[in-house]
Amino acid sequence: MTPSASDPAASAGSLPQSWRPPVESLLEPGEAVLAWFQTDLDADLRFRQSVVVLTDRRLLGTDPGGVEDRKPDRSIARHDGAVTRTEQWYAWRIAADQRLLLSDQTGAGTLELMGPERRLAFWRFTSARSSSGGAIVRKFESLRQRDPEAIVAPVGGGVCPNCGRRLAADETECPSCAPAAAPPAAKSLLALIPFARPRSGMILLGLGLTMASTAVSLLPPLLTIPLLNNVLIPHHAGQPLDYRLVAWYLAGMAGANLLAWLLAWARTYVLAHVSEQVAADLRNRTYTHLQRLSLEFFGGRRTGDLISRVGSDSDRLCNFLSVSLVDFIADVFMFIMTSIVLLSIDPVLAIVVLLPLPLIAWLIQNVRFRLRHGFSQGYAAWGEMISVLADTIPGVRVVKAFAQEQREIDRFRTRNEHVRVVNNRVNRVWSFFEPTITLFTELGLLVVWLCGAWRIGHDSISVGVLVAFVAYISRFYGRLQSMSRMVVSTQRAAASAHRIFEILDRVPSVPEPARPVTPGRLRGEIELCDIWFRYGTRTVIKGIDLKVQPGEMIGLVGPSGSGKSTLINLVCRFYDVAQGAILADGVDIRSFPVSEFRQNIGIVLQDPFLFFGTIAENIAYGRPDASREEIVAAARAAHAHEFILKLSDGYDSLVGERGQSLSGGERQRISIARALLIDPRILILDEATSSVDTETEWLIQQALENLIRGRTTIAIAHRLSTLRRADRLVVMENGQVSEIGSHDELLAKSGTYTRLYRAQLQSAAEEDVAPAVPEVAKVAVVD
Amino acid sequence: MTDKSLAHANLPFSLHRDPFGRLVLVDHDGHAHEGVTVIRAFPISDPHRMVSIVDTAGHELALVEDLENVDADTRLTVLQELARREFLPHIQRILGVSGRIEPCEWRVATDRGEHRFVISAYEDVHRFGQHGALVIDGEGTRYLIPDVRQLDRASRRHLERYL
């Protein structure tokens, strides 16, 4: 008994907060909670939280199904947040002839307590919960068999009682079982502010210049007033023309225009410069974040879509910031200053000019909603059309092979028509909007002439003032028009910002540890402790336990879909296990910083990817600082040296996309050299020889010999001959380990392995390809 | 395997549930298969035809081509089992969405009660058939909206952006 077993209250402490009081009130003296499982559906598959708690002597549970014949033991009210609900508690004493079964169907799973003659109770849950149910089942099993290990309460023992994850010494709550924080609230264009903050100095300078250039550009119309009133009108009345004054006024206007031009130039440059920088920062941040995201994210995305988010969307934002936003700010200044000037010259006429404003504002507001709606529909339609292209262009061979060109053309045509219809709807709104604004402008002008003529008739204002007003008003409404255009570009930019922040706000599903442990150079011991994993609702790894000694080579064998590749992805931490733990040198790999852990791992994949660059660069991909000698040594050990020398530029030959093409076997040996160079402690071979012919396979085998030596190796191979050096073969079936042993031991069992082996011997014999058969046959003799 | 299951398809069989809650299929030879599962081959496009009964290893024991053509007891057992197995909540109203950007939390009223879930990506809300929509949450659970036009205005507005 652990100390916690004598203190029931402490052992219930691992439960989620709201369940603690009811469970504590039910526990008998000395009874300790060993494991618990929270379910989220009732027996009729309606959403409802329940809990099943395993203690050292009983199974307790709320609201089970299949208990129509008995009354609940207790009914207890529970407070969860603001909600209080009453739950019916049932308890069963654990007996040796009981079983606890967990099954996972599509969509909803079941946990069943079976008695000797019938089912005693069951609970239902969604697939979200299913992978955390393994712990309670295992504990129950060892408890009913009176396994002494089971009596050890996991509480405080460093294992999460819900999902089996090893906890760090000071963690009391499992980070993956703690309720997930609410997702962040939506961000809009305002989310760009943090990106603009480091450039605030430049931005202020730009705004200052904007204000100055706007103010200066208002001077020329102002100078028309004295020009008319003091020179032209008196000349009309018979006075001689004062050429000196005319020259002064014109020079003033020209000077103001020149200054406005200079200031506008400076302003545009400064603000465009800043927004270019902001956009570049945004691109960098997005790409950096993208690289940190786990494979899970990329699995569900189209490459083209991601490229366009980092590329075009950030560019669209930059355009918005540097052109539309700058114009908008200038417009607002112009608008305010013009209003002030007009009011100071003649308040009555100014009010007449400003009168249509509320009407126009209302119109803009009204149209804005229609436009936003229209644009988002347009984008969606466009996306659907693009996805037809993304589907059929890469699959064009299939389309042609089945002679379905016409069907694909029709499919595209339908989508394209949809785009046209949707855009047409927006255009209808838009085409009405612009001329309407123009109409208002012209009407406003008419009203000013009318009012101005009337007031001149009453000698309230001079002709000069009226002319200045007319000059201002065309600018005034012109600005209004461009401000309304701003509405459109804001909506577009907001859509782009949304797409970028969708990436930036994504939390990597392989999180960096809060308190990292530095792995340093591992010894290479790997231990899988009851690991579970699922893709969506499909559980692909179901409770695997395996211990691999440092330097040992494990061959993974099994039919396709048995979970071999998934297991390897979990060991590499491309994904995190749903339940259980993977330990490297006795430490949960989730406590290592991801990149430091991966430095200990070398991977050779079925179809190795070469980046554009020289062969030397490709070999040194994992260690860019490697010397030429080291690169050559690695290539030599990988049996790649000689074919590399045959290439026109030796190690400097360009490969990858646009580069020289290499055969599958050659690329494979380069990737082996790549793995050799980083000198990993743990080596992963995923079908490293399956895409090449048997002769090339022999060459690769030779290269692999050098690579495997002294390293912990996990290898997947369809050709069993590849695994002839394996210390142990692990046969996987249906997400579980079905057999473990050496080649001979497994043959003696005449189980799955024997079946696979025979099938391969046969097909190899039929193919009549000599090298593969002796390889395998040799194993049987040698081992 | 295909040939064998097709041969099985038209042979008589009976279904019942044992005290362990398991479904038992007794085939025409009188052989009992315990713990069989009932699976619709076309759960959405044609749910009442092509219902397969498979054993624990996933091998097909019988294929009911049309539920109308079997006796009432078997039909009832099959339908009960399907109701027990199939979990596809129908969203009746979208009560709230935490934000316009994924991941965002949805609060919905379904035919199975109120529920909250997280949508992890824009692509997880699909158009489904002519007027329907299929929503997949971050845990892989699926939710169906049989006809978007039947939703209230507020719910439709939340969906609009996706469809």
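The values are calculated or read from the model by the stated rules, or taken from the named source; none is laboratory data. Values in this document were obtained by computation on a predicted structure and should not be read as measured data. Every residue, glycine among them, receives a Cβ derived from its backbone with ideal geometry; neighbour counts consider all protein chains shown.
Just wondering, is there one or more residues in region B:136-144 that are at positive phi and touching a helix residue (DSSP H, G or I) at 6+ places or on another chain (Cβ under 8 Å)?
yes
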Considering residues of region A:710-762 that are within 42 Å of the chain's Cα centre (by Cα) and of a type in the set (Asp, Glu) only, the residue nearest to residue A:700 (Cα to Cα): A:727
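Quick check on this structure: which one of A:121, A:77, A:95 is touching a Pro at 6+ places or on another chain (Cβ under 9 Å), surrounded by 18 or more Cβ atoms within 10 Å (Cβ to Cβ) and more than 9 Å from chain B (Cβ to nearest Cβ)? Give the derivation first.
Details: A:77 fails: surrounded by 18 or more Cβ atoms within 10 Å (Cβ to Cβ); A:95 fails: surrounded by 18 or more Cβ atoms within 10 Å (Cβ to Cβ).
The unique qualifying residue is A:121.
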The lone exception for residue A:642 - which of (1) surrounded by 18 or more Cβ atoms within 10 Å (Cβ to Cβ); (2) out of contact with any Cys (no Cβ under 7 Å at 6 or more places or on another chain); (3) within 28 Å of residue A:710 (Cβ to Cβ) it fails: (1)
Condition check for residue B:114: in contact with a helix residue (DSSP H, G or I) (Cβ under 8 Å, 6 or more places away or on another chain), surrounded by fewer than 17 Cβ atoms within 10 Å (Cβ to Cβ) and either within 11 Å of another protein chain (Cβ to nearest Cβ) or in contact (Cβ under 8 Å) with a residue 12 or more places away in the chain (or both): no
Filter result (among the charged types (D, E, K, R), away from chain A (no Cβ under 12 Å) and crowded, with 17+ Cβ neighbours inside 10 Å) within region B:63-83: B:75
Any chance residue B:98 is more than 7 Å from every other protein chain (Cβ to nearest Cβ), farther than 30 Å from residue B:16 by Cα, surrounded by 18 or more Cβ atoms within 10 Å (Cβ to Cβ) and among the small types (Gly, Ala, Ser): no
Filter result (closer than 30 Å to residue B:143 by Cα and either crowded, with 16+ Cβ neighbours inside 10 Å or at pLDDT 90 or above (or both)) within region A:102-114: A:102, A:104, A:105, A:106, A:107, A:108, A:109, A:110, A:111, A:112, A:113
Top-ranked residue of region A:1-18 - restricted to ones that are of a type outside the set (Val, Ile, Thr) and either assigned to a loop (DSSP other than H, G, I, E, B) or modelled with pLDDT of 85 or more (or both), ranked as surrounded by the fewest Cβ atoms within 10 Å (Cβ to Cβ): A:1
From the options A:113, A:143, residue that is among the aliphatic types (A, V, I, L, M), in a strand (DSSP E or B) and either in contact (Cβ under 8 Å) with a residue 12 or more places away in the chain or more than 14 Å from chain B (Cβ to nearest Cβ) (or both): A:113
Selection within region B:119-158 - among the hydrophobic types (A, V, I, L, M, F, W, C) and at pLDDT 85 or above: B:125, B:133, B:134, B:135, B:136, B:144, B:145, B:148, B:151, B:154
Number of the exception - residue A:577 against (1) more than 22 Å from residue A:715 (Cα to Cα); (2) in a loop (DSSP other than H, G, I, E, B); (3) not small (Gly, Ala, Ser): (1)
Subset tally (residues that are at pLDDT 80 or above and among the aromatic types (Phe, Trp, Tyr)) for region A:293-342: 4
Conditions (1) within 8 Å of another protein chain (Cβ to nearest Cβ); (2) without any contact (Cβ under 8 Å) to a residue 12 or more places away in the chain; (3) under 24 Å from residue A:380 (Cα atoms); number of the one not met by residue B:134: (1)
Residue check for residue B:86: surrounded by fewer than 18 Cβ atoms within 10 Å (Cβ to Cβ) and more than 14 Å from chain A (Cβ to nearest Cβ): no
Tally of residues being away from every other protein chain (no Cβ under 14 Å) and more than 25 Å from residue B:142 (Cβ to Cβ) across region B:20-54: 9
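So, residue B:130, is that one polar (S, T, N, Q) and closer than 30 Å to residue B:17 by Cβ or not?
On the way: polar (S, T, N, Q): yes; closer than 30 Å to residue B:17 by Cβ: no.
Answer is no for this residue.
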Long-range neighbours under 6 Å by Cβ, at least six apart or interchain, first residue farther than 12 Å from residue A:731 by Cα within region A:744-761, second surrounded by fewer than 12 Cβ atoms within 10 Å (Cβ to Cβ): A:744/A:783
Residue check for residue A:712: assigned by TED's automatic domain parsing to the domain that holds residue A:530, modelled with pLDDT of 85 or more and not aromatic (Phe, Trp, Tyr): yes
Members of region A:645-685 found to be touching a Phe, Trp or Tyr at 6+ places or on another chain (Cβ under 9 Å), in a helix (DSSP H, G or I) and surrounded by fewer than 18 Cβ atoms within 10 Å (Cβ to Cβ), listed by number: A:645
Count of residues meeting criterion [over 12 Å from residue A:592 (Cβ atoms) and part of a loop (DSSP other than H, G, I, E, B)] in region A:495-510: 5
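Which residues, taken from region B:127-163, are acidic (Asp, Glu) and in a loop (DSSP other than H, G, I, E, B)?
Of all residues in region B:127-163, those acidic (Asp, Glu) come to B:137, B:139, B:147, B:152, B:160.
B:137, B:139, B:147, B:152 - these are the residues of region B:127-163 that are acidic (Asp, Glu) and in a loop (DSSP other than H, G, I, E, B).
Keeping to region A:519-547, report how many residues are in contact with a helix residue (DSSP H, G or I) (Cβ under 9 Å, 6 or more places away or on another chain) and within 30 Å of residue A:103 (Cβ to Cβ).
Pass one, region A:519-547, residues in contact with a helix residue (DSSP H, G or I) (Cβ under 9 Å, 6 or more places away or on another chain): A:519-520, A:522, A:526, A:528, A:530-544, A:546.
Restricting the remaining residues to those that are within 30 Å of residue A:103 (Cβ to Cβ) gives A:526, A:528, A:530-544, A:546.
Count: 18.
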